[in-house]
Amino acid sequence: MFFNSLPLFFNQIKLGSPMELLLIILLVYLLLYLITPFDNQLEETTYSPVTKMSLHTYLLYGWAGQLKLLIVFWPFFILLNISLYITDYLAITGNFTVSSWDEIHFILVMPILLWTVCVWRTSINTKIAGLGAAARLMTLTVYFEYALKLIIRDDYPRLFFTCQDILLDYGVCF
């Protein structure tokens, strides 16, 4: 996340400074820390081993908030960042059209919504209170990333896409 969009946000678009964004992130983290409950008496035996679960059971237990936070947070977070980085790289190099870039981001919306619900429900399943708040903050930053990419897509496409190489979607760059 933010590999390509945040530098454009600060250097080209100039809607905010890094200090302003840092202050906003710290205030949101503080708010999330105050409202996120956590279970400091968490026991390992209350959760089924993930290695013995099917994908359906894993998603169901994650949705219900019955898994540990780190088991729900990290797998999707890593896959999401890899897919966003590859999609942006292909769009910047001209191997993806603007429409293809839009479609990949649209396809990722439903898994992101599922992941957000799972993370918010399992954020109490950690021994450290700050981890639950940090995981919730990271889910919110995904939506901020999507908002940045929407701004770039609609208002500043020439900064992100190689418009001279795209014949079919050339009109999108104006």
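Estimate the FRET efficiency between A147 and S54 by the formula 1/(1 + (r/R0)^6), using the beta-carbon distance for r and 35 Å for R0, to the nearest 0.05.
Details: r = 35 Å, r/R0 = 1.00.
Efficiency, rounded to the nearest 0.05: 0.50.
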Check your understanding: How much net charge surrounds L21 when only the other residues with a Cβ under 13 Å from the Cβ of L21 are counted, with Lys and Arg +1 and Asp and Glu -1?
Key -> -1
Review point. For the chain, what is the calculated [θ] at 222 nm in deg cm²/dmol (nearest 500), taking -39500 (n - 2.57) for each run of four or more DSSP H residues and dividing by its residue count?
Key: -21000 deg cm²/dmol
Revision key, fill the gap. Most exposed first, judged by fewest Cβ atoms within 10 angstrom, R121, R158 run R158, R121
Practice item. Scan (i) 0.98; (ii) 1.05; (iii) 1.66 for the value of Rg/Rh (Cα atoms, Kirkwood Rh) calculated from this model and give just the label. Key: (ii)
Point to revise | Whichever lysines have a C-alpha closer than 26 Å to that of K149, once near sequence neighbours (fewer than 8 apart) are set aside | key: K14
Check your understanding: Against the longest alpha carbon principal axis of the chain, how many degrees, from 0 to 90 and to the nearest 10, is the axis of helix 69-93 turned?
Key -> 10 degrees
**Study point:** A64-L90 FRET efficiency (beta carbon distance; Förster radius 41 Å; 0.05 resolution)
**Key:** 0.70
**Study point:** Chain lengthening between S99 and I128 when straightened (0.36 nm per residue, less Cα-Cα)
**Key:** 6.2 nm
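We did not get these values from a lab; they are worked out from the coordinates using the rules stated. Model, not experiment: these values are computed from the prediction. Virtual Cβ from ideal backbone geometry, glycine too; neighbours counted across all protein chains shown.
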